[in-house]
Amino acid sequence: FPSHDTVPYGEDRAGYITILNDLCDKNTINDYDDQCSGNGSQFAIKCSKAQKEEILAKDPLKVFKLEKQYTENLTMIGHDNKIRVFDTVEQVIKYFVEYRLTAFEKGIEFDRNSVKSKLTELYDKVKFIKDFITGKFDITKMKKSDLLAYIEENITKADHGKSFVNIPMYNLTTDSVEAYENSIESLEFELGKLMEVTPQSRFLGFYRDWE
């Protein structure tokens, strides 16, 4: 029997293998070869002449469940690439809005964490430079390993601290501290705004921009 290179909407490879196994159990087909690859899903069906004639008589699309019939009008593919059926337009809108709100919530949390990470690194960098300026350590008398140990013990154990050993001497100045503190002030303001953002407000703002 010719192979087919698709699975019905709403099914993945594992789900469709269950369908084919059921056809084998019912003796509708003898066996099948799973030829799925990174290029897509494909199965080679093995059946006798009599089985093939019976399948053709019943319609292969229905036998292999390659199509689904719905009486509802509102049928569409969901965010998970599976078919979804709705009774009303309101249900479609509710599904869409709930999914988008969840996505926006994750996006807001990502943005907040990103700013917090930048702030933490800047806080540590400023402390490192201030320690140098006030003479708490002397780079000229330290090996790299000694400086890394100082950073881990007195500044931060985070990975970004390891990069501080590469800061040029000419950047270990009060000017640099001032510049970093200005950046900190801007990021703190940005974080404050992000803490006020809700999934609902971002949702409305996003679609308002489309108008």
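The values are calculated or read from the model by the stated rules, or taken from the named source; none is laboratory data. Model, not experiment: these values are computed from the prediction. Glycine also receives a Cβ, built like all others from the backbone with ideal geometry; neighbour counts cover every protein chain displayed. Quick note on the areas: whole protein, heavy atoms, side chains included, nothing else; ligands and nucleic acids left out. Shrake-Rupley method; radii C 1.70, N 1.55, O 1.52, S 1.80 Å.
Taking segment 83-95 as the search range and keeping residues that are assigned to a helix (DSSP H, G or I) and over 24 Å from the mean Cα position of the chain (by Cα), which one is surrounded by the most Cβ atoms within 10 Å (Cβ to Cβ)?
The residue in question is 91.
Can you list residue pairs whose Cβ atoms sit under 9 Å apart, with the first residue in segment 184-195 being acidic (Asp, Glu) and the second being open to solvent by less than 30 Å² (accessible area, probe 1.4 Å) and assigned to a helix (DSSP H, G or I)? Count only pairs 6 or more apart in sequence or on different chains.
Sorted first by the residue in segment 184-195, then by its partner, the pairs are 188/115; 188/119; 190/115.
Among helices (runs of 4 or more DSSP H) lying entirely in segment 96-211, which contain 1 or more residues that are open to solvent by less than 60 Å² (accessible area, probe 1.4 Å), in contact with a Gly (Cβ under 9 Å, 6 or more places away or on another chain) and over 30 Å from residue 76 (Cβ atoms)?
144-154
Condition first: within 30 Å of residue 157 (Cα to Cα), without any contact (Cβ under 8 Å) to a residue 40 or more places away in the chain and of a type outside the set (Asp, Glu). Now tell me which residues in segment 72-119 satisfy that.
Within segment 72-119, 106, 110, 113, 114, 117 meet the criteria.
Which number in (1) closer than 30 Å to residue 97 by Cβ; (2) modelled with pLDDT of 95 or more marks the one condition that residue 208 misses?
Failing condition for residue 208: (2).
If you go through segment 73-112, how many residues are among the polar types (S, T, N, Q) and under 22 Å from residue 199 (Cβ atoms)?
Residues of segment 73-112 among the polar types (S, T, N, Q): 73, 75, 81, 88, 91, 102.
From what is left, the residues that are under 22 Å from residue 199 (Cβ atoms) are 91, 102.
Number satisfying all stated conditions: 2.
Could you list, in sequence order, the residues of segment 109-128 that are over 13 Å from residue 176 (Cα atoms) and hydrophobic (A, V, I, L, M, F, W, C)?
Of everything in segment 109-128, those that are over 13 Å from residue 176 (Cα atoms) and hydrophobic (A, V, I, L, M, F, W, C) turn out to be 110, 115, 119.
Give me a count of the residues in segment 28-81 that are more than 29 Å from the chain's Cα centre (by Cα), surrounded by 15 or more Cβ atoms within 10 Å (Cβ to Cβ) and at pLDDT below 80.
Here the count works out to 1.
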